[in-house]
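**Q** This is the structure I have questions about; it appears just below.
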Amino acid sequence: MNRISKCMVVLILLSSMASLCYAQSQSSTDHEIGIGEAEESLRTFLSSIDNERSYANVKIISSGDFATSAGDYYEFETDEGNFKVYKKNGEVESAWFYQDDSSSGRSDLSKDENLKLAKEFEQEHYPAFDNLNMVLTGSEKIEGNNGRARYLFKWYEVENSLFNTEVYTSNYVIIAVEGGEIAGYIGVERETEVSLEPEISESEAMEKAVPALSLPANSGRNYEYENKLCVSYFDGEQHLAWYINIDNGLDSWGYASGGQAVIDAHNGDVLLKNPYM
């Protein structure tokens, strides 16, 4: 696979990571590991996938820093893929494997077979899975490499607030399976640092989202929406937030009208607005 194709694989999967809630939070400890410890963690992780290979044989091509609003990572590239190690605890939280063109003739597996492989991988590499209320929230089939199908499976920890509203916490797993092999993995476990009880209702969040997206207030009855309550990070701080997704159809010019607004569920602040363009 050429370099461009490799980068496209990483970008497609990373965009899927952020599509639901951007839900990440930050460890309470201030200690950060050094890059040497992160490299050791990566070698151990890769050796656990292939027990016949010594971690000493893993060749690291490049390394650097990768910053997000939810925390900072060490990023490594090997001849096998791209990996990110969380600086707070040394866990490999992102792994994207470059697919081997020599396997282009491999037959696709069924959705259930791919899901079985994904579950086996997460149970081995995401130990908290069995102790959390992890719910399968998505299973998407997309085009992979060499005409093969790629499945993306997403699990989030889901809690219920006082008002029996589902809250998607910052604990989640995303696994991509292609051609009978794990193509990508994201596994994040964080401590929830905010109250899961919203002080702003969904309808109140909608009322704030409509003007934030410059939508006409008198056409609310025409809106189609899909909203979620999530634990997310903005400007380095954890928030409980309503993700308001509004579809108002087409405007008079034939353009899509609507967008997404993120409303703080405790104080009503508009944290993010992304109108359709």
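The values are calculated or read from the model by the stated rules, or taken from the named source; none is laboratory data. All values reported here derive from a predicted model rather than from experimental measurement. The protein model used for the area step is the full one, side chains on, heavy atoms only, and it has no ligands, DNA or RNA in it. Shrake-Rupley method; radii C 1.70, N 1.55, O 1.52, S 1.80 Å.
**Q** Looking for something of a type in the set (Lys, Arg), part of a strand (DSSP E or B) and either modelled with pLDDT of 95 or more or farther than 30 Å from ASN82 by Cα (or both) - is there at least one such residue anywhere in the stretch 197-209?
**A** Step one: list which residues in the stretch 197-209 are of a type in the set (Lys, Arg), which gives 208.
Those still in the list that are part of a strand (DSSP E or B) too: none.
So far as the stretch 197-209 goes, no, none of its residues is of a type in the set (Lys, Arg), part of a strand (DSSP E or B) and either modelled with pLDDT of 95 or more or farther than 30 Å from ASN82 by Cα (or both).
**Q** While we're on this one: Just give me the residues in the stretch 7-45 being modelled with pLDDT of 90 or more and open to solvent by less than 70 Å² (accessible area, probe 1.4 Å), in sequence order.
**A** ILE33, GLY34, GLY36, ALA38, GLU39, SER41, LEU42, ARG43, PHE45, listed by residue number.
**Q** Any residue at all in the stretch 161-171 that's part of a strand (DSSP E or B) and of a type in the set (Val, Ile, Thr)?
**A** Step one: of the stretch 161-171, the residues part of a strand (DSSP E or B) are 166-171.
With of a type in the set (Val, Ile, Thr) added as a condition, the list becomes 167, 169.
Yes, the stretch 161-171 has at least one match.
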